[in-house]
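The values are calculated or read from the model by the stated rules, or taken from the named source; none is laboratory data. Note that this is a predicted model, so its numbers are computed, not measured. Quick reminder, even Gly has a Cβ in these numbers, built from the backbone with ideal geometry, and neighbours come from all protein chains shown. Just the protein is used for accessible areas: all its heavy atoms, side chains included, with ligands, DNA and RNA removed. Shrake-Rupley method; radii C 1.70, N 1.55, O 1.52, S 1.80 Å.
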Amino acid sequence: MGDVGSTLLGFTVAVLAIYHQNNMSLSIPVWLILTSVFWFDATITLIRRIISKEKLSQAHRKHAYQRIVQAGFSHQKTTLWAFVLNIVGFGLAWMANTYKTYNIIFLILDVVMLYFVLRWIDKKRAFEYMARG
């Protein structure tokens, strides 16, 4: 999709989230859960690249889904596991929307789940920090 397509899609989802928040149909935490597989990986990858002082405009293959394929998983299996994570996230989003008082707790549960998935991926294929200098 590239950076431009991803930016447009992210902007569109953000506008929809704000619209639904204002109309009391879906809260921002629900939207964050629904899109968490994408923003969590992008955010962690960006933070890691900043810490290792990498040039952010340079192409890389350091996202979790890329590293799990590099570790030997097929694209089909990787996509299936991403689908499963999204289904679990959908369940958490449904719970967050149903039990609105606890929606932040469901968001935290989602992020914790993704954190442990990332830790598992790190064991399969470590994030390679590139020291510049």
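For the reader, a short list of remarks on this structure follows.
- Summed over segment 64-83, residues that are open to solvent by 40 Å² or more (accessible area, probe 1.4 Å) and within 21 Å of G10 (Cα to Cα) total 3.
- Being modelled with pLDDT under 90 and closer than 21 Å to I121 by Cβ holds for only one residue in R67, R61, and it is R61.
- Set side by side, the residues L118, L80, L114 differ, and just one is under 26 Å from Q21 (Cβ atoms) and among the aliphatic types (A, V, I, L, M), which is L114.
- Segment 112-129, residues that are hydrophobic (A, V, I, L, M, F, W, C) and exposed (fewer than 13 other Cβ atoms within 10 Å of the Cβ): V112, F116, W120, A126
- Checking N86, N103, N23 one by one, the residue that is open to solvent by less than 90 Å² (accessible area, probe 1.4 Å), over 22 Å from L118 (Cβ atoms), at pLDDT 90 or above and among the polar types (S, T, N, Q) is N103 and no other.
- All positions within segment 18-32 that are among the polar types (S, T, N, Q) and over 13 Å from A93 (Cα atoms): Q21, N22, N23
- Residue pairs meeting the criteria (Cβ under 9 Å; at least 6 apart or on separate chains; first more than 13 Å from I105 (Cβ to Cβ) and touching a residue at least 12 places away in the same chain (Cβ under 8 Å), in segment 22-39; second not small (G, A, S) and not in a helix (DSSP H, G or I)): L34/L26
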